[in-house]
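Participant: Can you keep this structure in mind? I'll have questions shortly.
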Amino acid sequence: MRAPIPLGALAPYLPCNAENPEPRVESIYYVLSWACHRRCKHCYEDRFRPYVGDALEAVVREAEANAPRIIDHFPDTMLYRDLSDVDEAGEPRRKVGRIILAGGDVLVDPVRERVLYPTLKRLRDRYGRDVRLVVQTTGDLVTETIVGELLHAGADHISVSGLDDFHVGMQGNKKDVLRADLTALFDRSGMQAGTAAAPAPGPTYSFFGATPDVWIGKIWPRGRAWENGLSTATLADNFCNAWSGGLGFLRHGFNGSEVAVEPDGSVYPCCMKTRRAIGNLTEEPLIGILDSLAGHPAFEAISAGRPERMGLTMGWSVDDFLASCATTTPQGRPYRNLCIGCDRFHEAVLAPVIDELAEQRRARRAGHPAA
Ligand code: SF4
Ligand code: SF4
């Protein structure tokens, strides 16, 4: 588990200049499009589902139109400093961060051709080898031709994430058969088993599935999973204090920093998504958004993985926050989780703060620094 680090303590490390560019973030989780070929009951997002006809064209057009502007507002480098790995002089090593292109399923037609491939090429052109490009897919749409096209477009890693009993069509031994077939296919394509985070001399692949003893057992209180009453999380399950949660989102420049981006450019501190996006990347740069939140107690509490403390300077004690975590599932079952309290705090207190910070940034961009 990564410990939160006070931002003020981070300044003295490596000076930055043209040869030594400013490190930015370790990871961006970019949901390219809402389209998916499945409609799983446990999915954390209602909008991940099959679309046909005009509805499909609409989600593809949204992704197609926004991706270039979103990428323009990604950080100028995808490097970061790893405080857990220092050199002989005690300085954190610089490492290459990653951008995870995910859905839905980004291999769905026509998302793959019209959005994914151009996005991979654009990112490769922008960052050269100083980024690791990860394509996340459920696996059953992968073919030899598609793997070749992905590698040609610049993918470094294919992460197959849907091989588990929770995904429609993967129950029983079907997932084992698919995994064996895909392993053979990836090997034939010259790829090696690896991890999304670890750089390798050539393209790599990995598999992960949701198992009851890992995250899926609790399930985020979001999307169809929530509507179907599938989350068994309690107050003890702090989704915020982990990858995918808010932990580290403000630590940009260092290991552990990650944000989540939606197809319309909305950016969030976590994949569960807060009730209000912290900004929009079709309008403004990511680093400017993060800098405007740095030092604010509510956002620092999220970044520290301690959401129950986000209201301490805004009239909400920890007990107030915990009380607001209580709700009832659509099935009528009592339920408590920190993400519910976070939703309530955003609705009652934080949304106007986010709006005000966005307005200040907008005014600054328009040349009114006193705003
Ligand atoms: S869980 Fe994955 S495969 Fe299933 S609907 Fe959601 S995004 Fe699609
Ligand atoms: S508590 Fe809020 S910020 Fe943290 S993971 Fe949940 S929704 Fe995201």
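The values are calculated or read from the model by the stated rules, or taken from the named source; none is laboratory data. Everything numeric in this text was worked out from a predicted model, so none of it was measured. Ideal geometry is used to build each Cβ from the backbone, glycine not excepted, and the neighbour counts take in all protein chains shown. Areas reflect the complete protein model, heavy atoms only, side chains present, ligands, DNA and RNA absent. Shrake-Rupley method; radii C 1.70, N 1.55, O 1.52, S 1.80 Å.
Participant: So how do T328, T119 rank on accessible area, 1.4 Å probe, biggest first, that is with the largest at the start?
Facilitator: Putting T328, T119 in descending order of accessible area: T328, T119.
Participant: Who wins for biggest fluctuation among E262, E62, E88 in a Gaussian network model of the chain, springs between alpha carbons below 10 Å?
Facilitator: Of the options given, E88 has the highest mean-square fluctuation.
Participant: Another one. List, largest first, the extents of the alpha carbons of the chain along their principal axes, each in whole Å.
Facilitator: Its Cα atoms span 59, 56, 45 Å along the three principal axes.
Participant: Please calculate how many Å² of accessible area the chain carries per residue, with a 1.4 Å probe and no DNA, RNA or ligand atoms counted.
Facilitator: In whole numbers, the chain has 43 Å² accessible per residue.
Participant: Can you give the net charge of the other residues whose Cβ lies under 14 Å from the Cβ of R112, counting K and R as +1 and D and E as -1?
Facilitator: -4
Participant: Once each part is reduced to its C-alpha centroid, what is the distance from region 127-188 to region 253-308 in angstrom?
Facilitator: Using only Cα atoms, the two centres lie 28 Å from each other.
Participant: Keeping all protein chains in place and using 1.4 angstrom, which order do R333, R98 fall into by accessible surface area, from largest down?
Facilitator: Result, largest first: R333, R98.
Participant: Given a cut-off of 24 Å, what percent of all Cα-Cα pairs of region 27-173 lie beyond it?
Facilitator: Beyond 24 Å sits 38 percent of the P(r) for region 27-173.
Participant: Ratio of region 220-371's C-alpha Rg to 2.2 N^0.38 Å, to two decimals?
Facilitator: Here the Cα radius of gyration is 1.06 times the empirical estimate.
Participant: From largest to smallest, what semi-axes in whole angstrom does region 57-107 give when each is the square root of 5 times an eigenvalue of its alpha carbon gyration tensor?
Facilitator: Ellipsoid semi-axes (Å, largest first): 35, 13, 5.
Participant: Here's something else I'd like to know. In square angstrom, rounded to the nearest 10, how much accessible surface does T195 have for a 1.4 Å probe?
Facilitator: Accessible area, nearest 10 Å²: 80 Å².
Participant: To continue, here is another question. Could you check what % of the DSSP bridge pairs in the chain are antiparallel, to the nearest 5?
Facilitator: 35
Participant: Report the accessible area of C342, computed with a 1.4 Å probe over the heavy atoms of all protein chains in place, in Å² rounded to the nearest 10.
Facilitator: Using a 1.4 Å probe on the heavy atoms, I get roughly 20 Å².
Participant: A follow-up question, please. Can you flag which of K175/K218; K95/K175; K121/K273; K41/K121; K174/K218; K174/K273 are past 30 Å Cα-Cα?
Facilitator: K95/K175; K41/K121; K174/K273
Participant: Using DSSP, restrict attention to beta bridges with both residues in region 16-165 and report what percent are antiparallel, rounded to the nearest 5.
Facilitator: Approximately 30 percent, going by the DSSP bridge assignments.
Participant: Can you tally the net charge around A351? Count Lys and Arg as +1, Asp and Glu as -1, for every other residue whose Cβ sits under 13 Å from the Cβ of A351.
Facilitator: Surrounding charge for A351 is -2.
Participant: Another question, then. Can you give me the distance in nm between label points at R39 and V177, each placed 7 Å from the Cα along the Cα-to-Cβ direction?
Facilitator: 2.5
Participant: With a 1.4 Å probe and every protein chain left in place, tell me how much accessible area Y205 has, in Å² to the nearest 10.
Facilitator: Rounded to the nearest 10, that gives 20 Å².
Participant: For the chain, what does -39500 (n - 2.57) per DSSP helix run (n ≥ 4), summed and divided by total residues, give at 222 nm, in deg cm²/dmol to the nearest 500?
Facilitator: So the calculated ellipticity at 222 nm is -8500 deg cm²/dmol.
Participant: Share of region 258-371's accessible area from carbon and sulfur, percent, 1.4 Å?
Facilitator: Here carbon and sulfur together make up 52 percent of the probe-accessible area.
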